[in-house]
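Peer 1: Below you'll find the structure I mean.
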Ligand code: PGA
């Protein structure tokens, strides 16, 4: 069975709850396309408003982060059961901004991925190299390490539910997209690693996204690559033009 393209927005720290509701309400017709999965991962405080605005549409709403403990003295954190209670079924885990500014390690990412799966929430697990790593030719070694540790302890049955987002750090928010060949090369390498870890069937099923300056102009070329199953989109997901990514064909 062919993998369905996922057009996922990552709003980062943008949009208030009322702006979130207005944006979804104003654009829901333009964002309608049953052939593509459409998802917006939004700030935690926007979740109720975004979920309400997306009700009855094809738009799915996810979170941008989550903690790995069930509850307790972790001031400011969001527990998986809180997302679950709202009906949130997706969460971004280990985005490079969380790794860089909030000291998330591969081990923390692994705990969060496991916890999301335990709660039936689909994790979008991010990985990606720095410019130095790319220039030194260690991209695939680094990505393999991130993905291997991120997937520690995950069964084959659960592994196929994870979405992996390959986002080279040098391409995020810079307007500098990886070429479709560069993006495909790494996404293919990730699929090969999943095949080594879990076998061909899981590798065939798992969705691997590319992220980093995806826009309406480059989505078609990227999504046409055999191992790229959609995009994780930052800046371009905050604009009505996101419809061009959803309707990339
Ligand atoms: P960008 O962000 O599309 O603005 O480059 C992508 C991301 O960080 O997920």
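Here, each number is a calculation from the coordinates, and none is a lab measurement. The model shown is predicted, which means the values in this text are computed figures rather than measured ones. Note that we place each Cβ from the backbone using ideal geometry, even for glycine, and neighbour counts take in every protein chain shown.
Peer 1: Grab the beta carbon distance between residue 220 and residue 69, set R0 = 45 Å, and tell me the FRET efficiency rounded to 0.05.
Peer 2: 0.60
Peer 1: Calculate, for residue 181 and residue 149, the FRET efficiency according to 1/(1 + (r/R0)^6) with r their C-beta to C-beta distance and R0 30 Å; round to the nearest 0.05.
Peer 2: Working from the Cβ atoms, E equals 0.65.
Peer 1: Taking the Cβ of each residue in 102, 142, 40, 151 as the centre, tally the other Cβ atoms inside 10 Å and list the residues starting with the fewest.
Peer 2: 102, 142, 151, 40
Peer 1: Could you give the nm distance between label points at residue 45 and residue 249, where each point is 7 Å from its Cα heading toward the beta carbon?
Peer 2: Placing both labels 7 Å along Cα→Cβ, they lie 4.0 nm apart.
Peer 1: Moving on to the next point. Fewest first, what order do 141, 229, 241 take by the number of other Cβ atoms within 10 Å?
Peer 2: By the 10 Å Cβ count, ascending, the order reads 141, 241, 229.
Peer 1: Computed FRET efficiency, Cβ-Cβ of residue 157 and residue 57, R0 30 Å: what is it to the nearest 0.05?
Peer 2: The computed FRET efficiency comes out at 0.50.
Peer 1: Relative contact order, percent, of segment 77-175 when contacts are C-alpha pairs under 8 Å separated by at least 6 residues?
Peer 2: Reported relative contact order: 32 percent.
Peer 1: While we're here: So for 119, 95, fewest C-beta neighbours within 10 Å to most, what's the order?
Peer 2: Result, fewest neighbours first: 119, 95.
Peer 1: Against the 2.2 N^0.38 Å scaling, with N counting residues, where does the chain land? I'd like the Cα-based Rg ratio to two decimal places.
Peer 2: 0.94
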